[in-house]
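The values are calculated or read from the model by the stated rules, or taken from the named source; none is laboratory data. Just so you know, these numbers come straight off a predicted model, no measurement behind them. Using ideal geometry, Cβ is built from the backbone for each residue, glycine included, and neighbour counts are taken over all protein chains shown. What goes into the accessible areas is simple: the full protein's heavy atoms, side chains included, and nothing from ligands, DNA or RNA. Shrake-Rupley method; radii C 1.70, N 1.55, O 1.52, S 1.80 Å.
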Amino acid sequence: MALRAVLLRQLRVPVQTLALASRKSQPWSFSSCIRLMSSHDDHLSKEQVIGRVLDVVKSFPKVDPSRVTPDVHFQKDLGLDSLDNVEIIMAIEEEFKLEIPDKEAVKIDSCNLAIEYVYNHPMAA
C-alpha cells in the first residue's frame, strides 16, 4: 500500500471529460468510453475536509449530530469509547481513501485532529 501511494504521488494524469454529443457523432471505440482521472484527489480545500469529516462523525450511530462541531472531542464531548474512536478513524480512512498509521491514529481523538491529519496528508487514488 505504501509503494502504491509513493507511485501515485509521482504519477500525474491529465483530467479529460468526454462530451456526450461527441460520442454520438463518432463511431464507438474503447478509447472514447474512457474518462481519464487525476492520479489523486488531494486538492481538497480545508472547508471540504471539514465538511466531510463532520459528515462522517455525524453519521456514526452513537453520535448526536447536533453536538458535532469542528472542535468536538470524541470521548469528552460525545461520550464515545476507544473502540468507537477506532471505528470513526476507520470511517475517515474509507471516506478519504487513505491509510492512517496506527501510531498516528491513536493520537486522533477529536474532529480538529482528524481534520488536520486529513488536510495535511494526500489522498490515495
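Local charge for Ile50 was computed over the other residues whose Cβ lies under 15 Å away, with Lys and Arg +1 and Asp and Glu -1, and equals -2. May I ask you to list the residues of the stretch 93-112 whose amide nitrogen lies under 18 Å from a point 7 Å from Cα along the Cα→beta-carbon direction of Val72? Once the point is set 7 Å along Cα→Cβ of Val72, 93, 95, 108-112 turn out to lie under 18 Å by backbone N, inside the stretch 93-112. Once the chain from Tyr119 to Asp64 is taken as fully extended at 0.36 nm per residue, the excess over their C-alpha distance is 17.4 nm. Each residue of the stretch 43-60 was assigned a 3J(HN,Hα) from its phi angle through the Karplus curve 6.51 cos²θ - 1.76 cosθ + 1.60 (θ = phi - 60°); the sequence is 9, 7, 6, 4, 5, 5, 5, 4, x, 6, 5, 4, 4, 4, 5, 5, 7, 5 Hz, with glycine and proline shown as x. Annotation: amide H-H contacts under 5 Å for Ser110 (H modelled 1.01 Å from N, sequence separation of 5 or more, or interchain): Phe74. The gain in end-to-end length when the Arg52 to Met90 segment is fully stretched comes to 12.3 nm, 0.36 nm per residue minus the alpha carbon separation.
Excluding ligands, DNA and RNA, the accessible surface per residue across the stretch 46-125 is 57 Å² with a 1.4 Å probe. For the stretch 97-112, backbone phi angles converted through the Karplus equation (6.51, -1.76, 1.60; θ = phi - 60°) give residue-by-residue couplings of 6, 9, 10, 9, x, 3, 5, 8, 4, 5, 7, 7, 10, 8, 4, 4 Hz, Gly and Pro being listed as x. Its alpha carbons considered, the stretch 62-125 gives a radius of gyration followed by a Dmax of 11.4, 34 Å.
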